[in-house]
Amino acid sequence: MKSALSFWLISSACLLSFLSVAARLAAQIPGSQPTLKVLYTFKALGGSPTAIVEVSRGNFLGITSTSPGLFSITSTGNYQFFYTFPPETSGLGALGLTPALNGQTYGSAANSGQVTTFSELFSVAGNGSVSTYSYNGTTQGGAGYLIQDPDNHLYGLFGALGAPPALTRFDYQGDPTSVYTFSGTPEVPAMLLGAGGSFYGLSLTNNTANAGIFRLTPAGSFSWLVPSFTTNGVTYLISLIEASNGNFYGTLPEGGTADAGSIYQVTPSGTMTTLYEFSNVQVGIPETLLEASDGMLYGTARGRYAAGFHGYSSIFRLNPTTGQFQTIFNFKDQSLGDCECRVVQGSDGKLYGAAYEGGTYQGGTIWVLDAGLPPPKPWIGSAIPQAGAVGQRVLLWGRNLLGATAVSFNGTTAEHFGVASSQGVWAWVPIGATTGPITVTTPNGTFTTTQSFTVE
């Protein structure tokens with residue numbers, strides 16, 4: 001006959017085993033399905049959004065390409081169109097929106113005709129006022145998508161139509177300085193600033209049938225990460241990103257054995273592998289890609305319409321470690337919009353997108369997808385400079401810094417600091433500060449640097 005103690009031990013072990021199994025089963029049960037809500041529907045004229053970016057917590061700026069102009073929209077759908085670009089009979093393209101370290105948001109615009117007559121950089125202040133910086137379209141051409149560098153300059157491609165593009169450094173008044181000129185006239189549809197301080201981009205050649213991934217330093221030193229690979233042609237949007245694991249990930253909209261698109265990985269040493277191939281072009285054609293706060297890759301697939309079957313766009317999730325793929329939302333209801341879609345993760349963790357087409361009036365939509373993602377936590381990659389006296393202005397360079405509420409130097413609160421963008425916070429070394437790490441706090445969490453700041 002078992003003692004009461006033995007019975008209790010056996011029962012406890014069974015209970016723990018049961019709870020362990022229950023916990024594993026619960027972890028395997030999928031959470032609530034992602035929900036998508038349309039924040040704004042554009043009409044055919046004055047619509048077709050091509051960019052969206054969060055400039056302060058819950059506040060976004062965007063660009064429309066039909067009756068080209070700029071708009072603002074909040075996370076709750078409060079929309080305002082506030083600027084119209086000069087009319088151009090040949091059509092006008094406004095490229096990207098880049099929050100800068102001077103607290104403004106920059107972009108570029110040019111007419112799309114064979115002879116460039118209108119070309120400019122523009123900046124948007126926090127109060128919505130727009131400043132423009134024009135170029136000679138014939139001799140200088142136009143600028144591409146801009147990238148903020150921690151050296152307090154903007155970088156982008158710049159050049160006249162038919163001329164080799166050049167990596168160019170811009171000050172905040174739009175004055176260009178050429179850094180590196182490409183050989184030939186490749187198309188460079190995607191470029192980013194890597195964690196190590198170099199720029200990486202795609203170079204398309206042979207009528208977009210071939211591509212290479214290059215590395216360019218801000219000083220103009222060029223090298224190849226991947227010299228050449230086939231693309232199956234590029235007639236859609238194409239993406240290249242660097243993830244927090246140090247690898248690069250990209251989309252080939254018409255890649256793969258089915259020509260329906262593929263997603264690949266490239267290691268820092270240049271080893272390239274295919275992570276996932278789409279098997280059906282009518283629900284394939286991956287274009288945009290981002291890494292979200294859960295470490296997964298999210299993107300949009302355009303889907304191609306064909307006779308006898310109507311394809312549809314979708315939002316997908318891809319595990320960069322295992323390659324596991326899942327479609328988390330589809331746009332079968334076209335009143336929600338049709339990709340191409342530009343997507344960003346907001347400071348609230350939700351995904352916000354600009355659908356170029358579709359919607360009730362076929363002018364596109366701005367939508368928000370709640371996929372249950374955690375709000376992104378702050379991260380600081382570097383403090384620039386790494387040493388200084390009391391009163392020294394220091395750039396805290398990183399990501400997810402919008403809405404920062406406090407900065408401290410080795411525990412001493414900085415009385416003066418300002419949030420320039422999601423990537424940068426300016427802080428002044430406070431009286432009483434001592435050598436040690438810097439801590440920044442946002443509504444989403446706190447981050448402390450591993451490297452000490454030296455107080456001189």
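The values are calculated or read from the model by the stated rules, or taken from the named source; none is laboratory data. Fair warning: this is a prediction, and the values are worked out from it, not measured in the lab. Backbone-built Cβ (ideal geometry, glycine too); neighbour counts: all protein chains shown. SASA here: full protein model, heavy atoms, side chains in, ligands and nucleic acids out. Shrake-Rupley method; radii C 1.70, N 1.55, O 1.52, S 1.80 Å.
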Which residue is modelled with the lowest pLDDT, if the candidates are limited to segment 354-403 and must be open to solvent by 30 Å² or more (accessible area, probe 1.4 Å) and of a type in the set (Val, Ile, Thr)? 360
Odd one out for residue 324, checked against (1) surrounded by fewer than 13 Cβ atoms within 10 Å (Cβ to Cβ); (2) modelled with pLDDT under 95: (2)
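State yes or no: is residue 354 farther than 15 Å from residue 60 by Cα and aliphatic (A, V, I, L, M)? Please lay out each step first, then the result.
Numbers: farther than 15 Å from residue 60 by Cα: no; aliphatic (A, V, I, L, M): yes.
For residue 354, the condition - farther than 15 Å from residue 60 by Cα and aliphatic (A, V, I, L, M) - is not met.
Taking segment 44-59 only, how many residues are more than 20 Å from the chain's Cα centre (by Cα) and farther than 15 Å from residue 80 by Cβ? First the steps, then the outcome.
The initial filter retains those residues of segment 44-59 that are more than 20 Å from the chain's Cα centre (by Cα), namely 44-47.
Subsequent filtering for residues that are farther than 15 Å from residue 80 by Cβ retains 44-45.
Qualifying residue count, segment 44-59: 2.
Here's the yes/no breakdown for (1) closer than 22 Å to residue 176 by Cα; (2) at pLDDT 95 or above; (3) of a type in the set (S, T, N, Q); (4) part of a strand (DSSP E or B):
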residue: 67; (1), (2), (3), (4): no, no, yes, no
residue: 71; (1), (2), (3), (4): no, yes, no, yes
residue: 81; (1), (2), (3), (4): no, yes, no, yes
residue: 87; (1), (2), (3), (4): no, no, no, no
residue: 90; (1), (2), (3), (4): no, no, yes, no
residue: 94; (1), (2), (3), (4): yes, no, no, yes
residue: 98; (1), (2), (3), (4): yes, yes, yes, yes
residue: 123; (1), (2), (3), (4): yes, yes, yes, yes
residue: 140; (1), (2), (3), (4): yes, no, yes, no
Output the residues belonging to segment 188-223 that are free of Cβ contacts under 8 Å to residues at least 40 places away in the same chain, assigned to a strand (DSSP E or B) and surrounded by fewer than 19 Cβ atoms within 10 Å (Cβ to Cβ). 205, 210, 212, 215, 223
Could you please find all residues in segment 404-417 being touching a residue at least 24 places away in the same chain (Cβ under 8 Å), closer than 20 Å to residue 55 by Cα and open to solvent by 30 Å² or more (accessible area, probe 1.4 Å)? 405, 406
For segment 290-405, give me every one of the strands (runs of 3 or more DSSP E) that falls completely inside it and has 1 or more residues that are under 30 Å from residue 454 (Cα atoms). 379-384, 393-399
Those residues of segment 258-291 which are touching a Phe, Trp or Tyr at 6+ places or on another chain (Cβ under 7 Å), open to solvent by 10 Å² or more (accessible area, probe 1.4 Å) and of a type in the set (Gly, Ala, Ser), in sequence order: 258
Looking at segment 150-172 only, could you name the residues that are in contact (Cβ under 8 Å) with a residue 24 or more places away in the chain, part of a loop (DSSP other than H, G, I, E, B) and touching a strand residue (DSSP E or B) at 6+ places or on another chain (Cβ under 6 Å)? 150
How about segment 31-63: which of its residues are modelled with pLDDT under 95, of a type in the set (Gly, Ala, Ser), closer than 20 Å to residue 78 by Cβ and in a loop (DSSP other than H, G, I, E, B)? 46, 47
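Would you check which residues across segment 224-255 are aromatic (Phe, Trp, Tyr) and either in contact with a Leu (Cβ under 9 Å, 6 or more places away or on another chain) or assigned to a strand (DSSP E or B) (or both) and list them? Write out each step before concluding.
Of the residues in segment 224-255, the ones aromatic (Phe, Trp, Tyr) are 224, 229, 236, 248-249.
Scanning segment 224-255 gives 224, 229, 248, 249.
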Take the residues in segment 237-257 that are surrounded by 18 or more Cβ atoms within 10 Å (Cβ to Cβ) and among the hydrophobic types (A, V, I, L, M, F, W, C); name whichever of them is nearest to residue 226 (Cα to Cα). 248
In segment 100-119, residues that are under 23 Å from the mean Cα position of the chain (by Cα) and in a strand (DSSP E or B) total 6
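Answer yes if at least one residue in segment 73-81 is under 17 Å from residue 133 (Cβ atoms) and hydrophobic (A, V, I, L, M, F, W, C), and no otherwise. Walk me through how you get there before you give the answer.
Filtering segment 73-81 for residues under 17 Å from residue 133 (Cβ atoms) gives none.
Scanning segment 73-81 turns up no residue that is under 17 Å from residue 133 (Cβ atoms) and hydrophobic (A, V, I, L, M, F, W, C).
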